[in-house]
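Below is one structure; the comments refer to it alone.
FYI, it's all coordinate maths here, none of it is from the lab. As the structure is a computational prediction, the values presented were derived from the model and not from experiment. Cβ placement follows ideal geometry from the backbone for every residue including glycine, while neighbour counts extend to all protein chains displayed.
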């Protein structure tokens, strides 16, 4: 497993939800959005992304529907209202966490000032 994949532990769900914020995407497009949005650093294997999508669907945070494209069936996912609320909460938690870590690493007092 790549070091970047290890760094995503605990954050993958929020990142997957964020890829769906602008509208539905099929599984491979979600993988591409993570890879492209991270400058190639988060090029995750299918075996990581799809089980996480299934977990998010089971939790009611995303919903999926099947479609036909170029003779192939593919599943597209979209955020549910619960998924939007979760994403907003995850963003707020991340901002607080990253601000705190940055303050500690830079030796600045909390709250960090910019």
**Study point:** Global geometry of the stretch 12-79, whether rounded, prolate or oblate, following the gyration tensor of its Cα atoms and the 1.5 cut on a/c
**Key:** oblate
Point to revise | Potential lengthening between residue 69 and residue 32 on full extension [0.36 nm per residue; Cα-Cα distance subtracted] | key: 11.6 nm
Point to revise | Relative contact order %, the chain, counting alpha carbon pairs below 8 Å whose residues are six or more apart | key: 25 percent
Exercise for review: Could you tell me whether the chain comes out rounded, prolate or oblate from its Cα gyration tensor? Rule is a ≥ b ≥ c as square roots of the eigenvalues, rounded for a/c under 1.5, then prolate if a/b exceeds b/c, otherwise oblate.
Suggested key: prolate
Review point. Per-residue ellipticity at 222 nm for the chain, helices alone: DSSP H runs ≥ 4 residues times -39500 (n - 2.57), over residue total, nearest 500 deg cm²/dmol?
Key: -17500 deg cm²/dmol
Review point. How far, in degrees from 0 to 90, does helix 81-106 lean away from the longest principal axis of the Cα atoms of the chain, to the nearest 10?
Key: 30 degrees
Study note, to complete from the structure: One finds, for residue 50 and residue 108 with R0 = 41 angstrom and r their Cβ-Cβ distance, a FRET efficiency to the nearest 0.05 of 0.50
Practice item. Taking the chain as the reference, fit the longest principal axis to its C-alpha atoms, fit the long axis of helix 46-58 to the helix C-alpha atoms, and give the angle between the two in degrees, 0 to 90, nearest 10. Key: 90 degrees
